[in-house]
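Reading through the structure tokens given below for one structure.
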Amino acid sequence: MWGAIEAGGTKFICAAGTEPGDLVVGEPIPTTTPRETLRAVVTFFAPYRLQAVGVGSFGPVDLAAGRITRTTPKVAWRGFALRQALENALHVPVSLDTDVNAAAWGEYRFGDAPDPFLYLTVGTGIGGGGVVNGHLLHGRMHPEMGHLLLPRAPGDTFPGLCPAHGDCLEGMASGVAIEARRQTGQEHFAVEYLAAGLLSLSYAYSPLRIVLGGGVMKTPKLFGSVTKRMRTLNAGYAPLPAVTAPKLGDRSGVLGALALAAGI
């Protein structure tokens, strides 16, 4: 029996099972303070005899230390030793990665994602992960694809909402940014930045596929508009990857966390 946690900036999703087909998924737990949130997590897992737990967490994350970094916008979680806290509370080993890397791993292990591919989520924020040669992308740290610095679209006066960079991809085209743009009628610019971001990632990583997840990408017609603009910006220069929705839908992250727990 494995435990899985999709630790998002808005909510935690917990699940337990031996494989995707018998997964028991709990009700969303609001991401408030570490004490309150983890108390509810422990309550969910109390009936189960777990072997290990996998966690896909919002970030940035210091993967070596197993903690949320002090640059996270979630103030209450800055510097929080998430892995150690869960191991102490649940008394099992905990495997920790980012939420987007977990989603990528879920699509790779249980979906039909090819190798290499990238997973980009567009929601409250923007993040990315991926699989290359059968391994999740790691380096000096985990990927921070949502913080690409892109050329500003002509006529766009929106300052951007990223607390670190202002007008990076996340600052200009995340769900929060799009909502703020609606007040000035500039939400259409988000298509330009998302398309430019996807194209830049395509050139940098040469993936066979980019999987686009997150609540924002469920907006009617947005998916098609972004991929069409991406092709236009490419101008026939290079072969482009397929761009698809997650085959696992909203379960990519929690199933990826399950795979992390099981070590598969």
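The values are calculated or read from the model by the stated rules, or taken from the named source; none is laboratory data. It should be emphasised that the depicted structure is a prediction, and the values quoted were computed from it without experimental measurement. Because the Cβ atoms are built from the backbone with ideal geometry, glycine has one as well, and the counts that use them run over all protein chains shown.
Sub-7 Å Cβ pairs linking a first residue in region 154-177 that is touching a residue at least 24 places away in the same chain (Cβ under 8 Å) and acidic (Asp, Glu) to a second residue that is surrounded by fewer than 23 Cβ atoms within 10 Å (Cβ to Cβ) and part of a loop (DSSP other than H, G, I, E, B), at least 6 apart or interchain, are Asp156/Gln186, ordered by first then second residue.
Let's see how each residue does on (1) part of a loop (DSSP other than H, G, I, E, B); (2) modelled with pLDDT of 95 or more; (3) under 20 Å from Ala177 (Cβ atoms); (4) among the charged types (D, E, K, R):
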| residue | (1), (2), (3), (4) |
| --- | --- |
| Ser200 | no, yes, yes, no |
| Pro207 | yes, yes, no, no |
| Ser225 | no, yes, yes, no |
| Met230 | no, yes, yes, no |
| Leu240 | yes, yes, no, no |
| Val254 | no, yes, no, no |
| Ala257 | no, yes, no, no |
| Ala261 | no, yes, no, no |
| Ile264 | yes, no, no, no |
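Please verify whether Ala238 is surrounded by 13 or more Cβ atoms within 10 Å (Cβ to Cβ) and farther than 17 Å from Gly123 by Cα, treating the condition exactly as stated. So Ala238 fails the test. Apart from one condition, Glu27 fits all of (1) of a type in the set (Asp, Glu); (2) within 24 Å of Cys162 (Cβ to Cβ); (3) part of a loop (DSSP other than H, G, I, E, B); the exception is (2). Filtering Arg140, Arg109 for residues that are farther than 19 Å from Pro207 by Cα and among the basic types (Lys, Arg) leaves a single hit, Arg140.
Restricting Ala76, Ala15, Ala4 to residues that are among the small types (Gly, Ala, Ser) and under 23 Å from Pro163 (Cβ atoms) narrows the list to Ala76.
Looking at Leu260, is it in contact with a strand residue (DSSP E or B) (Cβ under 6 Å, 6 or more places away or on another chain) and not polar (S, T, N, Q)?
Values: in contact with a strand residue (DSSP E or B) (Cβ under 6 Å, 6 or more places away or on another chain): yes; not polar (S, T, N, Q): yes.
So Leu260 fits the description; yes.
Can you name the residue in region 156-198 that is of a type outside the set (A, V, I, L, M, F, W, C) and in a helix (DSSP H, G or I) and, of all such residues, is nearest to Thr244 (Cα to Cα)? Once the filter is applied, the top-ranked residue is Gly197.
Conditions (1) part of a loop (DSSP other than H, G, I, E, B); (2) assigned by TED's automatic domain parsing to the domain that holds Gly139; (3) surrounded by fewer than 19 Cβ atoms within 10 Å (Cβ to Cβ); (4) not aliphatic (A, V, I, L, M), marked per residue:
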position	(1), (2), (3), (4)
Arg49	yes, no, yes, yes
Val55	no, no, no, no
Ala65	yes, no, yes, no
Pro73	yes, no, yes, yes
Glu87	no, no, yes, yes
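The residue that is farthest from the chain's Cα centre (by Cα), among those in region 93-120 that are surrounded by fewer than 18 Cβ atoms within 10 Å (Cβ to Cβ) and at pLDDT 95 or above, is Pro93.
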